[in-house]
Amino acid sequence: MKKTAIVAAAAMTMALAGPAFAAKKADANTCSALQKQYEQAAPKHRKAKYYKAAEKWAHRGTESCKAGKYQQGVNDLHRAMRDLRAK
């Protein structure tokens, strides 16, 4: 009985909190902010193991943003930052 109540309470909490954890929809401002962040971080991480890959992802992300594919651009720019191991 207790286990069922706990599971039900957890399910209800997750159902109500779900929208609060939804990802922010990407837009031109998000792209621009990430591009600036990458441009500032890249020179400091030139010796990063995956620097070349980061450059590729950053270029791809920038091109996607320019084409209006903001979510793809944001994803690629995040990947670039991860490859740099930058925060």
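Where a number appears in this text, it was derived from the coordinates with a stated rule and is not lab data. Note that the structure is predicted; figures quoted are calculated from it, not measured. In this analysis, Cβ positions are derived from the backbone assuming ideal geometry, glycine residues included, and neighbour counts consider all displayed protein chains.
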Problem - Radius 11 Å from Cβ of residue 73, net charge of other residues (Lys, Arg +1; Asp, Glu -1) - result: +1
Problem - Label-point separation, residue 28 to residue 51 (7 Å along Cα→Cβ), nm - result: 3.3
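Net charge near residue 52, counting Lys/Arg +1 and Asp/Glu -1 over other residues with Cβ under 12 Å of its Cβ?
Values: positive: 46, 47, 49, 56; negative: 55, 83.
Net charge in that neighbourhood comes out at +2.
Rg/Rh for segment 25-87: what does it come to with C-alpha atoms and Rh from Kirkwood? Spell out each step's value before the answer.
Values: Rg = 10.6 Å, Rh = 11.0 Å.
My calculation of the ratio gives 0.96.
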Exercise for the section: Enumerate lysine pairs in segment 25-87 that are 8 or more residues apart or on different chains, then count those whose Cα atoms are under 21 Å apart. Expected result: 21
